Amino acid sequence: MIPKNLSIARTNRFGVSIIPPSSIGSPLSFSDSQIESVSMPNQSVATQDYDLDNFPMFKVPYRRVPEGTVNIVFRLEEDGKSRKLIKDWLNAILGEKNNLYYSKYYSDIVGSVGIRQRNTQNQFKFGVVLRNAYPINIDSISLDWGDSNNYIKQSVTFAYFDEQLI
């Protein structure tokens, strides 16, 4: 039984903030209407099967395994500001010199992504910060003359190294 003073978390009450490396741009906080969807990343524990004489085999945990990627679907604004920031960030990951591409230093390309759940009073209650995050994929955008009542969605996949609960 749920206590009477406990409110259930809603899937449509969340906020996302993206902090790119300082060389790319300034931090962005997105309003509820700018993010179509995002997933809180899952996490699991790697295990090793262990057999001890005549006992049944059991699993022994030996390390934490973060998912490693998260997908965010943006509702693009007319000036494309968020798409430009992500594209600039993605383009900055690889440099070009004499028609050869090279990767930048890891510390120069990573930022963070914050995903926070809000309660019904619009207060942040819990969330996660994806540390050492960077975009690895920007999906294509389909445009259609026959679809005049819809908005442009931009899906971006971010890789991250670690997460911290907030």
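The values are calculated or read from the model by the stated rules, or taken from the named source; none is laboratory data. These numbers come from a predicted model, not from an experiment. Reconstructed Cβ throughout: ideal geometry from the backbone, glycine too, with neighbour counts over all protein chains shown.
In the condition set (1) in contact with a Lys or Arg (Cβ under 6 Å, 6 or more places away or on another chain); (2) buried (at least 18 other Cβ atoms within 10 Å of the Cβ), residue 86 is compliant with all but (1).
Taken across segment 24-44, residues that are of a type in the set (Ser, Thr, Tyr), closer than 20 Å to residue 159 by Cα, without any contact (Cβ under 8 Å) to a residue 24 or more places away in the chain and exposed (fewer than 10 other Cβ atoms within 10 Å of the Cβ) do occur, with at least one present.
Which residues, taken from segment 51-72, are part of a strand (DSSP E or B) and under 15 Å from the mean Cα position of the chain (by Cα)? Hits for segment 51-72 are 66, 69, 70, 71, 72. Of the set (1) under 30 Å from residue 125 (Cα atoms); (2) touching a residue at least 60 places away in the same chain (Cβ under 8 Å); (3) part of a loop (DSSP other than H, G, I, E, B); (4) of a type in the set (Gly, Ala, Ser), all apply to residue 82 but (3). Sub-6 Å Cβ pairs linking a first residue in segment 111-128 that is over 24 Å from residue 26 (Cα atoms) to a second residue that is of a type in the set (Gly, Ala, Ser) and outside any strand (DSSP E or B), at least 6 apart or interchain, are 119/7; 120/7, ordered by first then second residue.
Residue by residue, here is whether (1) small (Gly, Ala, Ser); (2) part of a loop (DSSP other than H, G, I, E, B); (3) modelled with pLDDT of 85 or more holds:
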{"residue": "41", "(1), (2), (3)": "no, yes, yes"}
{"residue": "44", "(1), (2), (3)": "yes, no, yes"}
{"residue": "49", "(1), (2), (3)": "no, no, yes"}
{"residue": "74", "(1), (2), (3)": "no, no, yes"}
{"residue": "77", "(1), (2), (3)": "no, yes, yes"}
{"residue": "95", "(1), (2), (3)": "yes, no, no"}
{"residue": "102", "(1), (2), (3)": "no, no, no"}
{"residue": "108", "(1), (2), (3)": "no, no, yes"}
{"residue": "115", "(1), (2), (3)": "no, no, yes"}
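Which count do you get for residues in segment 92-109 that are loosely packed, with under 12 Cβ neighbours inside 10 Å and either of a type in the set (A, V, I, L, M) or within 19 Å of residue 132 (Cβ to Cβ) (or both)? Here the count works out to 6.
Taking the criterion of being under 12 Å from residue 113 (Cα atoms), touching a Leu at 6+ places or on another chain (Cβ under 8 Å) and touching a residue at least 60 places away in the same chain (Cβ under 8 Å), the residues of segment 135-161 that qualify are 158, 160.
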